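Worksheet: one structure, shown below.
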Amino acid sequence: MTGSTAGLGKEVARLFAAESACTVVTGRNTARGDAVVAEIRAAGGAATFFRADLTIEDEARGLMRAAAATYGPVTVLVNNAVAPEVVAADRKLLEVPPEVWQRMYEVNVIGAVWLMQEAMPGMIEVGHGSIVNISSRTAERSSPKLAAYTASKGAMNALARSITLDYARQGIRCNTVQPGYIVHEERDADMTPERVRYITDMSLTRPATARDVAYAILFLASHEAECISGVTLQVDGGSSFARSRTMD
């Protein structure tokens, strides 16, 4: 479970642990990672934190080896890592600095590739495995001034289809979850009424919470979804079909 010391990743880790999964929490912030593990263990779950910078190949591959050494072959991998500071530096195509392109792909694509390369041989050996890539609706409905982010998420969507074609007969499934806007009480506390109305109007049902998205990930990772591979699942309250609106 990469990027699982906060936000969506933390919620996914908590949910998987509650469902009796041996959960590996990962990220770059040791204090936050240890706190997530302590919370999971206090609730009766099994979890371990491994610190890793997924843009460093040795650390990414070492993470998967440590996970396998602790719990046995990794049969579920959720690629959720994100670097908010890099996303914040994204721009329109002609304005994106080379270092932002590089860092965006290192975090969102290359790091995930290294993890999958380490996990998949073990999945093949035991005859099953599920990979869930966390993408974004921007991969299909691009947002302004997010050229590098949009391209990197589109790459992960395509990679899930490629893995399905090449490895489904060896028991590996790979799917993608595309969240829309995710409600976060602490982050959204200072939101203006206009912004609240905009977010609410984007959804045909209601804005998604991290728990909503986590349940979708849990399902795709589970044996109940063993006939599902290569799909992109939107979890956005129907906002993909809502009439586009522009804020003033």
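Checking each residue in the range 84-118 for being within 17 Å of the chain's Cα centre (by Cα), surrounded by fewer than 19 Cβ atoms within 10 Å (Cβ to Cβ) and of a type in the set (Asp, Glu) picks out only Glu85.
Pairs linking a residue in the range 193-214 that is closer than 20 Å to Leu8 by Cβ to a residue that is modelled with pLDDT under 70, with Cβ atoms under 6 Å and 6 or more positions apart or on different chains, are Met202/Ala242; Pro207/Ile199.
Condition check ((1) in contact with a His (Cβ under 9 Å, 6 or more places away or on another chain); (2) more than 19 Å from Leu115 (Cα to Cα); (3) modelled with pLDDT of 85 or more; (4) of a type in the set (Gly, Ala, Ser)) across all residues:
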site	(1), (2), (3), (4)
Ser142	no, yes, no, yes
Ala158	no, no, yes, yes
Asp166	no, no, yes, no
Ile172	yes, no, yes, no
Ile199	no, yes, no, no
Leu204	no, yes, no, no
Ala214	no, yes, yes, yes
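Pairing each residue of the range 37-54 that is among the acidic types (Asp, Glu) with any residue that is surrounded by 15 or more Cβ atoms within 10 Å (Cβ to Cβ), provided the two are 6+ apart or on different chains, yields C-beta distances under 6 Å for Asp53/Arg28; Asp53/Glu59. Scanning the range 51-60 for residues that are under 15 Å from Val25 (Cα atoms) and either surrounded by fewer than 17 Cβ atoms within 10 Å (Cβ to Cβ) or among the acidic types (Asp, Glu) (or both) yields Arg51, Asp53, Glu59. Selection over the range 42-85 of residues that are β-branched (Val, Ile, Thr), at pLDDT 95 or above and either within 17 Å of Thr5 (Cβ to Cβ) or out of contact with any strand residue (DSSP E or B) (no Cβ under 7 Å at 6 or more places or on another chain) (or both) gives a count of 5. Identify all residues within the range 115-144 that are farther than 25 Å from Ser222 by Cβ and in a helix (DSSP H, G or I); write none if there are none. Once the filter is applied, which keeps residues that are farther than 25 Å from Ser222 by Cβ and in a helix (DSSP H, G or I), the range 115-144 yields only Thr138.
The values are calculated or read from the model by the stated rules, or taken from the named source; none is laboratory data. As the structure is a computational prediction, the values presented were derived from the model and not from experiment. Note that each Cβ is placed from the backbone with ideal geometry, even for glycine, and that neighbours are counted across all protein chains shown.
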